[in-house]
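**Student:** If you scroll down you'll find the structure; I have some questions about it.
Computed from the coordinates by the stated procedures, all read-outs in this text should not be read as laboratory data. Remember, predicted model here, so these are calculated numbers, not experimental data. Because the Cβ atoms are built from the backbone with ideal geometry, glycine has one as well, and the counts that use them run over all protein chains shown.
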2 protein chains.
Amino acid sequence: MAQYLTGDNAAIDAFLDQFDVFLLDCDGVIWSGDHVFPGVPETLEYLRSKGKKTVFVTNNSTKSRQEYLTKFTSKGIKSDVEEIFGSAYSSAIYISRILKLPPGKNKVFVVGESGIENELRSENVPFIGGTDPAFRRDITPEDFKGLADGTLLDPEVGVVLAGLDFHINYLKLSHAFQYLRRGAVFLATNVDSTFPMSHGFFPGAGSISFPLNYMTGTTPVALGKPSQAMMDAIEGKFHFDRKRTCMIGDRLNTDIKFGIEGKLGGTLAVLTGVHQKADWEAEDAVAVPAFYVDKLSDLRGLAN
Amino acid sequence: MAQYLTGDNAAIDAFLDQFDVFLLDCDGVIWSGDHVFPGVPETLEYLRSKGKKTVFVTNNSTKSRQEYLTKFTSKGIKSDVEEIFGSAYSSAIYISRILKLPPGKNKVFVVGESGIENELRSENVPFIGGTDPAFRRDITPEDFKGLADGTLLDPEVGVVLAGLDFHINYLKLSHAFQYLRRGAVFLATNVDSTFPMSHGFFPGAGSISFPLNYMTGTTPVALGKPSQAMMDAIEGKFHFDRKRTCMIGDRLNTDIKFGIEGKLGGTLAVLTGVHQKADWEAEDAVAVPAFYVDKLSDLRGLAN
């Protein structure tokens with residue numbers, strides 16, 4: 001059963017004492033789109049003032065770590081590129097350091113935004129697609145022909161990497177499908193079904209890759225939460241004590257599951273995002289958090 | 001076990017004698033995209049010369065019956081609008097005659113091409129979306145806001161109808177998702193995973209609706225094959241004897257299943273499309289045809 005902390009200062013202090021490191025999801029925890037939840041910057045400062053390390057772990061691949069840092073700074077949240085982990089970065093690391101494809105077959109066809117491209121560049125991974133205007137247009141009869149006979153395909157593509165793409169179209173889906181049919185490795189930055197924005201929900205990265213699952217009958221290796229590839233990447237950088245680490249997030253199937261499967265000391269759910277109390281109290285709940293608060297700023301307790 | 005007819009004239013004659021009506025799939029049977037398979041027009045004439053009735057039953061919703069007729073004529077195939085059944089038509093019939101939504105909540109948000117729009121018009125069903133240029137653009141910050149708070153949504157929309165859309169984009173998916181979240185009925189013209197074109201395969205209608213399944217956790221009522229709603233619509237028009245009717249197609253999960261579940265007298269698979277012999281010989285085959293030929297024109301036998 002999840003322990004409710006909001007308004008209970010003794011419980012909050014006991015909770016904080018258990019952990020040295022907090023892994024924090026961003027969308028639905030820190031902000032919704034461009035709207036930072038009230039009291040969040042002060043809460044992060046409060047945690048740091050108590051000697052806690054904060055690490056931001058987000059499945060949103062539309063921004064690179066550098067772009068996230070710019071957003072944090074513009075929202076009055078102090079951070080450092082080294083404490084930001086996005087699924088685009090996680091994907092780039094996986095491709096460059098784990099897949100290690102041979103030259104001549106190591107190009108990535110990107111379905112996604114600039115965040116993915118920037119992280120691939122930082123790992124010197126060659127890619128096509130992405131934000132290239134050549135792929136942001138309607139499909140033509142020549143495309144159908146050249147994709148079907150392969151003459152329009154780049155023989156060096158060995159990976160299809162799909163993430164959230166606000167410019168998804170039939171031409172990109174068709175390219176990705178043809179590469180997958182020809183044996184490209186299928187990766188997804190993450191497979192979140194929805195994406196929180198403007199206090200509402202919109203199609204998530206999983207909604208971009210899912211048609212490709214359906215067409216090919218295969219599922220991608222997903223590099224975002226709850227994939228432990230992301231946990232390993234974080235640990236590779238910080239060597240933290242998992243038992244003294246807590247994952248904070250709004251989604252049971254990504255954040256809370258990520259913390260539990262990573263054998264962290266704790267998980268904390270916030271109710272400012274996708275999932276609510278009823279979701280983990282349901283019989284078929286995908287994961288149950290150890291603690292929960294109404295909103296992140298409740299962790300400041302009396303200081304609130 | 002499926003009986004192989006190619007090259008066996010006695011078997012072909014016996015096969016033809018069993019049926020008065022042939023329901024024919026189009027993509028992968030008659031043509032692939034704009035390419036009509038050799039000998040097909042002559043084969044259709046041959047069947048008609050033997051007194052057989054031919055009915056075209058297609059899941060492709062991008063064209064209306066009238067547009068199909070134009071295509072048939074341009075390819076040298078005689079036909080009539082009354083013997084063409086498309087999933088767009090089947091969907092329009094379902095909305096107007098079965099759903100019968102109340103005025104003020106009877107508008108359809110269309111994700112798809114003009115074929116759907118034309119059939120909805122023919123049934124006097126009001127709709128928005130579709131090929132409207134207002135929806136063929138990138139999503140903006142104003143869209144995110146107006147979709148999240150509902151101010152950009154049409155309160156009269158009571159149905160989301162998704163079909164193959166060569167102009168699919170994030171804006172349309174976002175609109176469809178918001179309408180579904182608000183209780184709109186979820187329909188799909190069909191849920192084919194792929195679409196045959198230019199001797200290759202491309203994303204099918206199911207690849208358009210599947211992200212919406214994933215986001216909403218619900219599946220659409222699909223009006224194309226193998227849905228028996230389409231069989232009922234055909235029978236409503238022709239009053240044929242199901243036992244003297246054979247379904248001819250290339251897909252086990254749509255065409256062959258459609259014929260078997262419709263309790264037709266027979267099913268015939270052709271190998272010019274998606275599925276091959278190994279697919280129905282697999283242990284988990286979704287459906288097994290009664291007969292098969294390499295290609296439709298093999299039915300002409302010696303006359304070939």
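**Student:** Would it be correct to say that residue B:183 is surrounded by fewer than 23 Cβ atoms within 10 Å (Cβ to Cβ), more than 8 Å from chain A (Cβ to nearest Cβ) and farther than 30 Å from residue B:17 by Cα? Spell out how you get there, then give the answer.
**Tutor:** Details: surrounded by fewer than 23 Cβ atoms within 10 Å (Cβ to Cβ): yes; more than 8 Å from chain A (Cβ to nearest Cβ): yes; farther than 30 Å from residue B:17 by Cα: yes.
It is true that residue B:183 is surrounded by fewer than 23 Cβ atoms within 10 Å (Cβ to Cβ), more than 8 Å from chain A (Cβ to nearest Cβ) and farther than 30 Å from residue B:17 by Cα.
**Student:** Working only within segment A:197-240, note down all residues that are free of Cβ contacts under 8 Å to residues at least 60 places away in the same chain, among the hydroxyl-bearing types (Ser, Thr, Tyr) and surrounded by 16 or more Cβ atoms within 10 Å (Cβ to Cβ).
**Tutor:** Across segment A:197-240, the qualifying residues are A:207, A:214, A:216.
**Student:** Which of the residues belonging to segment A:206-250 are under 23 Å from residue A:115 (Cα atoms) and within 14 Å of chain B (Cβ to nearest Cβ)?
**Tutor:** Of everything in segment A:206-250, those that are under 23 Å from residue A:115 (Cα atoms) and within 14 Å of chain B (Cβ to nearest Cβ) turn out to be A:206, A:207, A:208, A:209, A:210, A:211, A:212, A:213, A:219, A:220, A:222.
**Student:** Let me ask something additional. Hey, among the residues in segment B:186-204 that are over 16 Å from residue B:111 (Cβ atoms) and outside any loop (DSSP other than H, G, I, E, B), which one's farthest from the other protein chains (Cβ to nearest Cβ)? Before the answer, list the steps.
**Tutor:** Keep residues of segment B:186-204 that are over 16 Å from residue B:111 (Cβ atoms), which gives B:193-194, B:196-202.
Next, only the ones that are outside any loop (DSSP other than H, G, I, E, B) stay: B:194, B:196-197, B:200-202.
On the way: B:194: 6, B:196: 9, B:197: 5, B:200: 3, B:201: 7, B:202: 5 Å.
If we take residues in segment B:186-204 being over 16 Å from residue B:111 (Cβ atoms) and outside any loop (DSSP other than H, G, I, E, B), then B:196 is farthest from the other protein chains (Cβ to nearest Cβ).
**Student:** For residue B:39, indicate whether it is farther than 30 Å from residue B:131 by Cα and of a type outside the set (Phe, Trp, Tyr). Quick ask: steps written out before the conclusion?
**Tutor:** Values: farther than 30 Å from residue B:131 by Cα: yes; of a type outside the set (Phe, Trp, Tyr): yes.
Yes; evaluated as a whole, the condition is true for this residue.
**Student:** Residues A:69, A:24, A:47: which one is more than 20 Å from the chain's Cα centre (by Cα) and either buried (at least 17 other Cβ atoms within 10 Å of the Cβ) or free of Cβ contacts under 8 Å to residues at least 40 places away in the same chain (or both)? I'd like the intermediate steps shown before the answer.
**Tutor:** On the way: A:69 fails: more than 20 Å from the chain's Cα centre (by Cα); A:24 fails: more than 20 Å from the chain's Cα centre (by Cα).
Answer to the selection: A:47.
**Student:** Sticking with this structure for a sec: Working only within segment A:191-221, note down all residues that are under 19 Å from residue B:178 (Cα atoms) and within 13 Å of the chain's Cα centre (by Cα).
**Tutor:** Result: A:192, A:193, A:194, A:195, A:196, A:204, A:205, A:206.
**Student:** Give B:299, B:264 a once-over and let me know the one that is more than 21 Å from the chain's Cα centre (by Cα) and surrounded by 20 or more Cβ atoms within 10 Å (Cβ to Cβ). Lay out the reasoning, then the answer.
**Tutor:** Values: B:264 fails: more than 21 Å from the chain's Cα centre (by Cα).
Among B:299, B:264, only B:299 is more than 21 Å from the chain's Cα centre (by Cα) and surrounded by 20 or more Cβ atoms within 10 Å (Cβ to Cβ).
**Student:** A follow-up question, please. Looking at this structure, is residue B:125 part of a strand (DSSP E or B) and under 20 Å from the mean Cα position of the chain (by Cα)? Outline the logic, then answer.
**Tutor:** Numbers: part of a strand (DSSP E or B): no; under 20 Å from the mean Cα position of the chain (by Cα): yes.
For residue B:125, the condition - part of a strand (DSSP E or B) and under 20 Å from the mean Cα position of the chain (by Cα) - is not met.
**Student:** Taking segment B:127-164 as the search range and keeping residues that are of a type in the set (Val, Ile, Thr), in contact (Cβ under 8 Å) with a residue 24 or more places away in the chain and within 14 Å of chain A (Cβ to nearest Cβ), which one is nearest to residue B:92 (Cα to Cα)? Even if it seems obvious, please write down each step before you answer.
**Tutor:** Filtering segment B:127-164 for residues of a type in the set (Val, Ile, Thr) gives B:128, B:131, B:139-140, B:151, B:157, B:159-160.
The next check asks that each one be in contact (Cβ under 8 Å) with a residue 24 or more places away in the chain; those that pass are B:128, B:131, B:139, B:157, B:159-160.
Still in the list and also within 14 Å of chain A (Cβ to nearest Cβ): B:131, B:139, B:160.
Numbers: B:131: 16, B:139: 29, B:160: 12 Å.
Selected residue: B:160.
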